[in-house]
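Everything on this sheet refers to the single structure shown next.
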Amino acid sequence: MKSPDFPITDDHIHIDPVNGRGLEAAKDFLRAGGTHLFLVTKPSSSFGIIPHSGDEYALVFDKTIGIADQIRALGIGVFVVLGIHPAEITRLSANVPLSDTITTMKRGLDIAASYIGEGRAVALKSGRPHYPVPDEVLSASNEVLSHALTLAADLNCAVQIHAETGPCTDIIGMAEQAGLPPYKVVKHYATPDTPLTPSFLATHPDIPELSRMHRAFTMETDYMDENTRPGAVIGPKSVPRITHKLVTEGRITKDDACRIHKETPEMVYGVEIII
């Protein structure tokens, strides 16, 4: 494959050698023209781990970092995002009091933050359930999210948010209260109405128009890499293939592509994206 004219970065992808295609999926990304990816922690259940104290999340994070090292060996730039999937609050609180679940999830985030402080990862993952939950569960989720935002402010790192569809405008106030600039909060699987930094599925139809507006955003696949759901959410080739198609068709410019895949993630995450 010839050297790319600009970086191609997938802002939210999972690679799972146990439950999915693993490195073969990463190779697909590379062959399609991908250069960098943000590897996001999968739920602890993907690794057969049930957290009790929260310390068990270190095993999940270590496995994620190990996968990242294997992907880097292929020649792909990898940035690791560690944290707790917000749906874990439902799974964990089914067996223990909600207060204990909050403590467990906060402890997991503390460990993730320590890894970021050591330079082993670049951002936290948190949020709240994307499905209806009782008020007390939503309140507990926001407490955990606020903890993540506070940790990120202390580290000056970004937070990827998994949450309900829509703008999530209230998270702006939560970030500001924590001392974290709102642009460092990335709304994964975003819609254009969010005031947070959006990460759009590569198939989002508004990408050309938003590019013309010079909107700061990133692109993602949210590829789950699970053999039980092949290709979900969209496949690992999608971000590079769609970006090159948009440029070739003149629907976005190379400058737009650089803003999406280099300038915005560098600004938000404080990383260097170099080809």
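The values are calculated or read from the model by the stated rules, or taken from the named source; none is laboratory data. Quick caveat, the model's predicted, so the values are computed rather than measured. Note that we place each Cβ from the backbone using ideal geometry, even for glycine, and neighbour counts take in every protein chain shown.
List, please: which pairs have Cβ atoms under 7 Å, are six or more places apart or on different chains, and start with a residue in the range 53-70 that is in contact (Cβ under 8 Å) with a residue 60 or more places away in the chain and under 17 Å from ALA113 (Cβ atoms) and end with one that is in a helix (DSSP H, G or I) and of a type in the set (Val, Ile, Thr)?
Taking only residues 6 or more apart or on different chains, the pairs are PHE61/ILE111.
Within the range 122-140, identify whether any single residue is aromatic (Phe, Trp, Tyr) and surrounded by fewer than 15 Cβ atoms within 10 Å (Cβ to Cβ), and answer yes or no.
For the range 122-140, residues aromatic (Phe, Trp, Tyr) and surrounded by fewer than 15 Cβ atoms within 10 Å (Cβ to Cβ): present.
Condition (residue is surrounded by fewer than 23 Cβ atoms within 10 Å (Cβ to Cβ), more than 30 Å from VAL96 (Cα to Cα) and out of contact with any His (no Cβ under 6 Å at 6 or more places or on another chain)) applied to the range 45-66: is it met by at least one residue?
Yes.
Any residue at all in the range 142-158 that is touching a Ser or Thr at 6+ places or on another chain (Cβ under 8 Å), surrounded by fewer than 19 Cβ atoms within 10 Å (Cβ to Cβ) and not acidic (Asp, Glu)?
No, that holds for no residue.
Looking only at the range 232-275, which residues are buried (at least 21 other Cβ atoms within 10 Å of the Cβ), over 15 Å from LEU201 (Cβ atoms) and of a type in the set (Ser, Thr, Tyr)?
Of everything in the range 232-275, those that are buried (at least 21 other Cβ atoms within 10 Å of the Cβ), over 15 Å from LEU201 (Cβ atoms) and of a type in the set (Ser, Thr, Tyr) turn out to be THR264, TYR269.
Going by the conditions given, is VAL80 β-branched (Val, Ile, Thr) and either within 23 Å of HIS261 (Cβ to Cβ) or in contact with a strand residue (DSSP E or B) (Cβ under 8 Å, 6 or more places away or on another chain) (or both)?
yes
Please state which of the following conditions GLY231 fails to meet, knowing it meets all the rest: (1) over 21 Å from HIS188 (Cβ atoms); (2) at pLDDT below 95.
(1)
How many residues does the range 203-229 contain that are touching a residue at least 60 places away in the same chain (Cβ under 8 Å) and either among the aliphatic types (A, V, I, L, M) or surrounded by fewer than 19 Cβ atoms within 10 Å (Cβ to Cβ) (or both)?
5
Applying the selection to the range 166-214, what residues are small (Gly, Ala, Ser) and under 18 Å from LEU151 (Cβ atoms)?
Within the range 166-214, GLY173, ALA175, ALA178, GLY179 qualify.
Tell me, yes or no, whether the range 170-183 has at least one residue that is out of contact with any His (no Cβ under 7 Å at 6 or more places or on another chain) and under 25 Å from ILE252 (Cα atoms).
Yes, the range 170-183 contains a residue that is out of contact with any His (no Cβ under 7 Å at 6 or more places or on another chain) and under 25 Å from ILE252 (Cα atoms).
Any residue at all in the range 79-86 that's part of a helix (DSSP H, G or I), of a type in the set (Phe, Trp, Tyr) and either in contact with a helix residue (DSSP H, G or I) (Cβ under 8 Å, 6 or more places away or on another chain) or touching a residue at least 60 places away in the same chain (Cβ under 8 Å) (or both)?
Within the range 79-86, not a single residue is part of a helix (DSSP H, G or I), of a type in the set (Phe, Trp, Tyr) and either in contact with a helix residue (DSSP H, G or I) (Cβ under 8 Å, 6 or more places away or on another chain) or touching a residue at least 60 places away in the same chain (Cβ under 8 Å) (or both).
Could you tell me how many of the residues in the range 88-119 are in contact with a strand residue (DSSP E or B) (Cβ under 8 Å, 6 or more places away or on another chain) and either closer than 15 Å to LYS42 by Cα or part of a strand (DSSP E or B) (or both)?
3
Based on this model, can you work out whether SER199 counts as out of contact with any Cys (no Cβ under 8 Å at 6 or more places or on another chain), modelled with pLDDT of 95 or more, part of a helix (DSSP H, G or I) and not charged (D, E, K, R)?
No.
Could you check how many residues of the range 27-43 are closer than 22 Å to ALA158 by Cβ and not in a loop (DSSP other than H, G, I, E, B)?
Residues in the range 27-43 being closer than 22 Å to ALA158 by Cβ and not in a loop (DSSP other than H, G, I, E, B): 6 in total.
For the list (1) loosely packed, with under 15 Cβ neighbours inside 10 Å; (2) modelled with pLDDT of 95 or more; (3) assigned to a loop (DSSP other than H, G, I, E, B), I need the number of the one condition that LEU180 fails.
The one condition LEU180 does not meet is (1).
Name the residues in the range 128-167 that are closer than 20 Å to LEU98 by Cβ and either part of a loop (DSSP other than H, G, I, E, B) or in contact (Cβ under 8 Å) with a residue 60 or more places away in the chain (or both), would you?
Within the range 128-167, ARG128, PRO129, HIS130, TYR131, PRO132, VAL133, PRO134, VAL144, ALA148, HIS162, ALA163, GLU164 qualify.
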